[in-house]
Amino acid sequence: MKFSAERMLGRLAKWLRILGYDTVLEGRPDMKVSLEEEDGPRVILTRRRKKPGPGHAYLLHSDDPMEQLKEVVATFRLTFDDASLFSRCSVCNRALVAVPGAEVVGRVPDYVLAGHGTFYCCPLCRRVYWPGSHLGRMKKWLAGVLEAEEEAEEENGLK
Ligand SMILES: [Zn+2]
């Protein structure tokens, strides 16, 4: 599943990329490339009531980025694993490349370098990612979101 988010939804887009979902921001010229590279339709994420052009659009109900993320995760039943969490640059949406520590010397703090064998590098903006303590918190948070949604469905007799 791939997304195209309105420009105002930058923080939501960032989180979707952290989960590993290809998400472009409308009107960003630097993201045109990844739009053209990919085939297949994207789900348009919008806060506007009026449907933005052709294609499938999802109208978000909240203005809060974390609430929006909950909505999208629950609605589209998004899943993720350790590999997907470090598969995409949160800033420019590019697929990350796994590199050994030797390649990121000087670009990450020494204590981080010592503690990890593999790093993930963005080929476009050169940002370096590694699994940190936020990974565990993120997983817990997301598991909670999905669980709450299933309970609500059971209560409503949808299951
Ligand atoms: Zn990047």
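Sort the following peptides by mean Cβ neighbour count (other Cβ atoms within 10 Å, averaged over residues), highest first: 2-15, 80-93.
Top of the packing list down: 2-15, 80-93.
Just to compare against my own numbers: the Cα pair-distance distribution for the range 66-110, 10 Å bins, whole % per bin, please.
20, 38, 26, 16, 0
Taking 0.36 nm per intervening residue step and subtracting the Cα-Cα distance, what contour gain separates ALA102 from CYS125 on full extension?
6.4 nm
Could you bin all the Cα-Cα distances of the range 87-130 into 10 Å bins starting at 0 and give me the percent of pairs in each, rounded to whole numbers?
Taking every Cα pair in the range 87-130, the percentages come to 33, 53, 14.
Where a number appears in this text, it was derived from the coordinates with a stated rule and is not lab data. Just so we're clear, the structure is a prediction, and the values are computed from it rather than from any experiment. So basically every Cβ, Gly included, is an ideal-geometry build from the backbone, and we count neighbours across all protein chains shown.
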